[in-house]
1. Considering only segment 66-112, state which residues are of a type in the set (D, E, K, R), in a strand (DSSP E or B) and under 21 Å from Arg149 (Cβ atoms).
2. Please specify each residue of segment 33-59 satisfying the condition of being farther than 21 Å from Ile105 by Cβ, modelled with pLDDT under 95 and loosely packed, with under 15 Cβ neighbours inside 10 Å.
3. All but one of (1) in a loop (DSSP other than H, G, I, E, B); (2) touching a Phe, Trp or Tyr at 6+ places or on another chain (Cβ under 8 Å) hold for Arg142; which doesn't?
4. Given Arg62, Arg127, which one is in contact with a helix residue (DSSP H, G or I) (Cβ under 9 Å, 6 or more places away or on another chain), within 16 Å of His25 (Cα to Cα) and modelled with pLDDT of 95 or more?
Amino acid sequence: MPVSMVARTMTAFYPKLQSARLGLHPLVAEDEPLYCRIYTDVDMMRHVAEPLSEESARRSFRSALAAVTASPPRMLLWKAVLLDDASTVGLIGLVPHAGRRAADIGAMIERPWQGRGLAGEALASVRDHAFAEGGFARLEGRQDAGNLRSIRLMERLGFTRHPLPEGRIAWRLGRRHWQAGMKLPNAFAMAAGPA
């Protein structure tokens, strides 16, 4: 695909999304407190990486905001908001690899909202959008092998597990596998249970 076509596709590909219970809104400057709260939280980061200091989180947010507002966007980051009362529950990300044939996908749901199936619902929406509208051939993710809830969630989303060294897991889902029947409805969380 020519570079100019990739740029147009990626820019058009970053819309507001909606699932059964969530609105997914592209990251904006006003989302800095949410971003910093998540990335400085020791408990939330325990399966991801070392938590950031407040200043490092602010720098990281500025970098993320620059990446999502670039043309074309270098990454896509959505704020997940409950439709019924507008409560913000977390962040959902999609980071295209070089060449834009594959992307990393992930979610960070704040502790009060965990265990309600919201991560699965949000990830299913972004997964489906990435394959249906983004033209990606493959989605990937990485996580700590001790995060059992996340392991169950990624399996329900159709990803296959690939062990990595040092207690990590890589996840992969190809477009063909998704097209062959792994596409789940946006109401994923209600049918599949909490994640």
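The values are calculated or read from the model by the stated rules, or taken from the named source; none is laboratory data. Keep in mind that this is a model prediction, so the values were computed, not measured. Every residue, glycine as well, gets a Cβ built from its backbone with ideal geometry; the counts of neighbours run over all protein chains shown.
1. As a first pass, look at segment 66-112 and keep what is of a type in the set (D, E, K, R): 74, 79, 84-85, 100-101, 104, 110-111.
Cutting the leftovers down to in a strand (DSSP E or B) gives us 79, 104.
The answer is Asp104, and nothing else.
2. Within segment 33-59, Val42, Asp43, Glu50 meet the criteria.
3. (1)
4. Values: Arg62 fails: within 16 Å of His25 (Cα to Cα).
Among Arg62, Arg127, only Arg127 is in contact with a helix residue (DSSP H, G or I) (Cβ under 9 Å, 6 or more places away or on another chain), within 16 Å of His25 (Cα to Cα) and modelled with pLDDT of 95 or more.
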